[in-house]
Amino acid sequence: MSPSSQLPPTRDYDHGITCVDTLQERPGLACCYLLQRGDDVAFVEAGTAHGVPRLLALLEARGIARERVRYVIPTHVHLDHAGGAGVLMRELPAAKLVAHPRGARHLIDPSKLIAGAQAVYGTAAVQRMYGEIAPVPESRVIVAEDAARLPLGDAELQFIDSPGHARHHFCVWDPVSRGFFTGDTFGLSYREFDGPGGPFLFPTTTPVQFEPDAWMQTLDRLLSFAPQRMYLTHFGSVENVPQLAQTLRAGIERYRTIAGQLATAPNRHAQLVAALVADALRELAMLDAPVSEARARKLLAFDMELNAQGLGVWLNGRA
């Protein structure tokens, strides 16, 4: 068996939900979720093409026929969530891809996604990070409008339009587990940082659609469901949802303040990166997180670079 088709690290939660580490860049960075409800199976998130053989190996190891997978559900079209959707769909003959109304066309024809990623990272890096980014036939795509419901086994999933991180983002409400699959809308929280103060949760302002006011409204709407847990793509399940929502709101407000203070600064991008890293290190110290500063800087470097880019785009749009 090739390395890419070896079984991925997993963690089984209650209610037929498995967190599957897609091993993007490093363990513990990004995951997909495997949902089993009766005879029906779904993947929430598709990861990248590099991880698809591992997802298929997991199905085989658990005795799940590929024909039982009913849906592939990327929460939005950023390539760490949806880049592997086309490749995965080729291997799942009965599956439908469920996409946000603003994102569906980009999964049917991913040329703009590819060009946008290449503009940010360069062609070689996009190939390295994401692999093949394949189109999905339009006939196999379900467009999930706000509040749409789809059956899965003897239950259903509900799709909630969730702008703030991206306008092409929905969250997926699972009434069985009383949880949301949140993509990037409930922030990022890496398990390496968990300590006596609880999880470290921070916003992701990846270019190009950071909208803080819309994000606050999205959080209000998600909390109206009284969720007991949130299933983050980055990374895993978190509980104590009301407190973490307050943490995320505070982080969004700090990001807004940091961006405003540095709006006209010379060498603005570098200063934004430095300020965001400093903000994260302060929060980690307050939580007594069990990592050294050097380790924290390494784990957060990629996210802080992207967050600074996103805040720069937001500032340019306001100007």
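Residues checked against (1) at pLDDT below 95; (2) over 25 Å from Gly47 (Cα atoms):
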position	(1), (2)
Gly187	no, no
Pro207	yes, no
Tyr231	no, no
Ile252	no, yes
Ala294	no, yes
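No other residue among Ala95, Ala57 is among the hydrophobic types (A, V, I, L, M, F, W, C) and either touching a residue at least 60 places away in the same chain (Cβ under 8 Å) or under 26 Å from Pro175 (Cα atoms) (or both) apart from Ala95. Among the residues of the stretch 155-172, those identified as touching a residue at least 24 places away in the same chain (Cβ under 8 Å), open to solvent by 10 Å² or more (accessible area, probe 1.4 Å) and part of a strand (DSSP E or B) are Ala155, Asp161. Does any residue of the stretch 301-308 turn out to be of a type in the set (D, E, K, R), part of a helix (DSSP H, G or I) and surrounded by fewer than 18 Cβ atoms within 10 Å (Cβ to Cβ)? Looking for residues that are of a type in the set (D, E, K, R), part of a helix (DSSP H, G or I) and surrounded by fewer than 18 Cβ atoms within 10 Å (Cβ to Cβ), one finds at least one in the stretch 301-308, hence yes. May I ask you to list the residues in the stretch 1-50 that are at positive phi, acidic (Asp, Glu) and modelled with pLDDT of 95 or more? Glu45, the sole residue that qualifies. Pro53: open to solvent by 10 Å² or more (accessible area, probe 1.4 Å), under 22 Å from Val126 (Cβ atoms) and not β-branched (Val, Ile, Thr), yes or no? It is true that Pro53 is open to solvent by 10 Å² or more (accessible area, probe 1.4 Å), under 22 Å from Val126 (Cβ atoms) and not β-branched (Val, Ile, Thr). If only residues of the stretch 56-70 that are open to solvent by less than 40 Å² (accessible area, probe 1.4 Å) and assigned to a helix (DSSP H, G or I) are counted, the one that is farthest from Gln24 (Cα to Cα) is Leu59.
The sole residue among Ala125, Ala117, Ala46 that is open to solvent by less than 40 Å² (accessible area, probe 1.4 Å), assigned to a loop (DSSP other than H, G, I, E, B) and of a type in the set (A, V, I, L, M) is Ala46.
Taking the condition open to solvent by 80 Å² or more (accessible area, probe 1.4 Å) and closer than 24 Å to Gly179 by Cβ, does Asp109 pass?
Details: open to solvent by 80 Å² or more (accessible area, probe 1.4 Å): yes; closer than 24 Å to Gly179 by Cβ: no.
No; evaluated as a whole, the condition is false for this residue.
If you check Ala245, Ala275, Ala259, Ala280 for being open to solvent by 10 Å² or more (accessible area, probe 1.4 Å) and of a type outside the set (Val, Ile, Thr), only one passes: Ala275. On the stretch given as the stretch 128-153, residues that are assigned to a helix (DSSP H, G or I) and not aromatic (Phe, Trp, Tyr) total 5. Considering only the stretch 135-145, I want to know if a residue exists there that is of a type in the set (Asp, Glu) and farther than 23 Å from Asp109 by Cβ. Checked the stretch 135-145: no residue is of a type in the set (Asp, Glu) and farther than 23 Å from Asp109 by Cβ.
Scanning the stretch 128-154 for residues that are of a type in the set (Ser, Thr, Tyr) and either more than 27 Å from Asp174 (Cβ to Cβ) or buried (at least 17 other Cβ atoms within 10 Å of the Cβ) (or both) gives a single hit, Tyr130.
The residue pairs whose first member lies in the stretch 222-234 and is open to solvent by 60 Å² or more (accessible area, probe 1.4 Å), whose second member is in a strand (DSSP E or B) and not hydrophobic (A, V, I, L, M, F, W, C), and whose beta carbons are closer than 8 Å, counting only pairs six or more residues apart or on different chains, are Gln228/Gly179. Scanning the stretch 100-121 for residues that are in contact with a helix residue (DSSP H, G or I) (Cβ under 7 Å, 6 or more places away or on another chain) and touching a residue at least 60 places away in the same chain (Cβ under 8 Å) yields a single hit, His106.
When Arg268 is tested against the conditions (1) open to solvent by 40 Å² or more (accessible area, probe 1.4 Å); (2) within 22 Å of Phe193 (Cα to Cα); (3) without any contact (Cβ under 8 Å) to a residue 60 or more places away in the chain, the lone failure is (2).
Could you run through the stretch 252-294 and say how many residues are hydroxyl-bearing (Ser, Thr, Tyr) and either closer than 14 Å to Glu305 by Cα or in contact with a Pro (Cβ under 9 Å, 6 or more places away or on another chain) (or both)?
1
Of all residues in the stretch 12-23, those being surrounded by fewer than 22 Cβ atoms within 10 Å (Cβ to Cβ) and more than 15 Å from Arg191 (Cβ to Cβ) number 5.
The values are calculated or read from the model by the stated rules, or taken from the named source; none is laboratory data. This is a predicted model, so every value here is computed, not measured. Methodologically, a virtual Cβ is constructed for each residue, glycine included, from the backbone with ideal geometry; neighbour enumeration extends over all protein chains shown. Areas reflect the complete protein model, heavy atoms only, side chains present, ligands, DNA and RNA absent. Shrake-Rupley method; radii C 1.70, N 1.55, O 1.52, S 1.80 Å.
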